[in-house]
Amino acid sequence: MDETALSITAHDSIHAIGAEVWDACACPEAAGGGRPDDPFTTHRFLAALEDSGSVGPGSGWRPHYLTVERAGEVIACAPHYLKSHSQGEYIFDHNWAHAYERAGGRYYPKAQIAVPFTPVTGRRLLVRPGFNEAGRAALLQGATLLAERSGLSSLHITFCTGAEAETGAAAGLLPRQTQQYHWQNRGYGRFDDFLADLASRKRKTIRKERARAQGFGGEIVTLSGGDLRSEHWEAMWGFYLDTGARKWGTPYLTRAFFEIAQERLRDDVLMVLALREGRAVAGALNLIGRSALFGRYWGCIEDHPCLHFELCYYRAMDFAIESGLQRVEAGAQGEHKLARGYLPRPIHSLHWLRDPGFAEAVAQYLDAERAAIRDEIEVLTGYGPFRKTDMEDHE
């Protein structure tokens, strides 16, 4: 028996892979009770999606988790799904699908290595320490071969790390770059230290926004872990439904996900609620990583000026500063984040397309897109609120 031989297996349930086995690859830094770098690739989060019916039959996300074994030991794994649409991905390929099908091809089903409904960068090729090169190579080769042998049009690895993007590109996958807005903690001891980094006019604007928001007629509370109760999740479910109905029509997560989150994920969660007369009227849901806070959902049942900025952005900054986190990732889209200190950052993905002609056309498009994104990031960064010269500091 060759002790160095690798085998790859696809599983239709995360429960076919033990939590300790999966997390040894997904978040080895959390061994012993620490926080994972990325809470979204943990066994508990992916299981919550599956157990709640948010993924699985009828969702368009069919679980097909991958594991790589050597000598009977799992050394790598990946959150891999078969997709019957392109919803809930945030790195959009709708135009590719339309072009492929207009040319007579069948774009769906396709394969996706991603965390469903989650526009957050993190490791997608999950490898146990000491097996990085072999584990990544096996996952890339295995996922591509699986897609090819299954007759799928494509494989997509979205919101991967920059290092994974380089590895995938070297293996022949097409790298794509988009952008997102993140806030960086530059060693601030308090929120006013962040404000001191801003141009005077921007600093005044943020102070006014915070004052307006905090004067909405109630109180703002920040809750996590044991402070969270079922009524808080009930309120957040209502906010999520409202936002989902306005943004994407049909909500991706089920009500059961919020119930399971209270049971299994509350220690990973930071919830910011605006209460008026004891009733939650607006809220923001974040997940806490080892070095970052990840903003995910916001909603309200009452409109109050600047309350969205306070709950989603400024309270997230407050928490990051108090907790010593390096950054806040506030989710997809939104140039309004720029004026509030969230600057554009590159986001990476990888793509394999079975048809060579179609792959060549997409590769040309991606070359042009990457150049445009680089220029856009440079221009938008220049419009950020931070002081360019000492003269801008005068009030």
Response to the item:
Of (1) part of a loop (DSSP other than H, G, I, E, B); (2) on the phi < 0 side of the Ramachandran plot, Gly217 satisfies every one except (2)
Discussion item. Checking the structure you have, find out if any residue of segment 174-196 is more than 19 Å from the chain's Cα centre (by Cα), closer than 27 Å to His85 by Cα and among the basic types (Lys, Arg).
Written reply: no
Practice prompt. Could you identify the single residue in Gly142, Gly151, Gly135 that is on the phi > 0 side of the Ramachandran plot, over 19 Å from the mean Cα position of the chain (by Cα) and modelled with pLDDT of 95 or more?
Written response: Gly151
Fill in: Index of the failed condition, Gly226 passing every other in (1) more than 21 Å from the chain's Cα centre (by Cα); (2) of a type outside the set (Asp, Glu); (3) not in a helix (DSSP H, G or I)
(3)
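Table: residues versus (1) at pLDDT below 95; (2) open to solvent by less than 20 Å² (accessible area, probe 1.4 Å); (3) of a type in the set (Lys, Arg); (4) in contact with a Gly (Cβ under 7 Å, 6 or more places away or on another chain).
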| site | (1), (2), (3), (4) |
| --- | --- |
| Ala169 | no, no, no, no |
| Lys208 | no, no, yes, no |
| Arg212 | no, no, yes, no |
| Thr222 | no, no, no, no |
| Leu228 | no, yes, no, no |
| His232 | no, no, no, no |
| Met236 | no, yes, no, yes |
Practice prompt. Output the residues belonging to segment 294-312 that are in contact (Cβ under 8 Å) with a residue 24 or more places away in the chain, open to solvent by 10 Å² or more (accessible area, probe 1.4 Å) and either in a helix (DSSP H, G or I) or farther than 16 Å from Trp237 by Cα (or both).
Written response: His304, Pro305, Cys306, His308, Phe309, Cys312
Discussion item. Go through segment 15-32 and report how many residues are hydrophobic (A, V, I, L, M, F, W, C), part of a helix (DSSP H, G or I) and under 13 Å from Ala78 (Cα atoms).
Written reply: 5
Discussion item. Which count do you get for residues in segment 240-272 that are modelled with pLDDT of 95 or more and in a helix (DSSP H, G or I)?
Written reply: 13
Worksheet item: So, in segment 1-31, of the ones that are touching a residue at least 60 places away in the same chain (Cβ under 8 Å) and among the acidic types (Asp, Glu), which residue ends up surrounded by the fewest Cβ atoms within 10 Å (Cβ to Cβ)?
Response: Glu3
Discussion item. Quick test for you: out of Ala363, Ala339, pick the one residue that is of a type in the set (Gly, Ala, Ser), open to solvent by 10 Å² or more (accessible area, probe 1.4 Å) and under 30 Å from Arg149 (Cα atoms).
Written reply: Ala363
Item to complete: Could you please find all residues in segment 118-156 being outside any helix (DSSP H, G or I) and either hydrophobic (A, V, I, L, M, F, W, C) or surrounded by fewer than 19 Cβ atoms within 10 Å (Cβ to Cβ) (or both)?
Response: Val120, Leu125, Leu126, Val127, Pro129, Gly130, Phe131, Ser150, Gly151, Leu152, Leu155
Worksheet entry | Residue that is nearest to Tyr100 (Cα to Cα), among those in segment 317-358 that are aliphatic (A, V, I, L, M) and within 16 Å of the chain's Cα centre (by Cα) | Leu350
Item to complete: Would you check which residues across segment 265-290 are surrounded by fewer than 16 Cβ atoms within 10 Å (Cβ to Cβ) and in contact (Cβ under 8 Å) with a residue 60 or more places away in the chain and list them?
Response: Arg276, Arg290
Worksheet item: Of all residues in segment 92-117, which are open to solvent by 10 Å² or more (accessible area, probe 1.4 Å), assigned to a loop (DSSP other than H, G, I, E, B) and either touching a helix residue (DSSP H, G or I) at 6+ places or on another chain (Cβ under 6 Å) or among the aliphatic types (A, V, I, L, M) (or both)?
Response: Ala103
Worksheet entry | Pick from segment 45-91, criterion among the basic types (Lys, Arg) and surrounded by fewer than 22 Cβ atoms within 10 Å (Cβ to Cβ), ranking: farthest from the chain's Cα centre (by Cα) | Arg70
Response to the item:
Within segment 173-191, residues being part of a strand (DSSP E or B), hydrophobic (A, V, I, L, M, F, W, C) and surrounded by fewer than 21 Cβ atoms within 10 Å (Cβ to Cβ) number 1
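The values are calculated or read from the model by the stated rules, or taken from the named source; none is laboratory data. Everything quoted here is computed from the prediction, not taken from an experiment. Note that each Cβ is placed from the backbone with ideal geometry, even for glycine, and that neighbours are counted across all protein chains shown. Note: areas computed on protein heavy atoms with side chains; ligands, DNA, RNA excluded. Shrake-Rupley method; radii C 1.70, N 1.55, O 1.52, S 1.80 Å.
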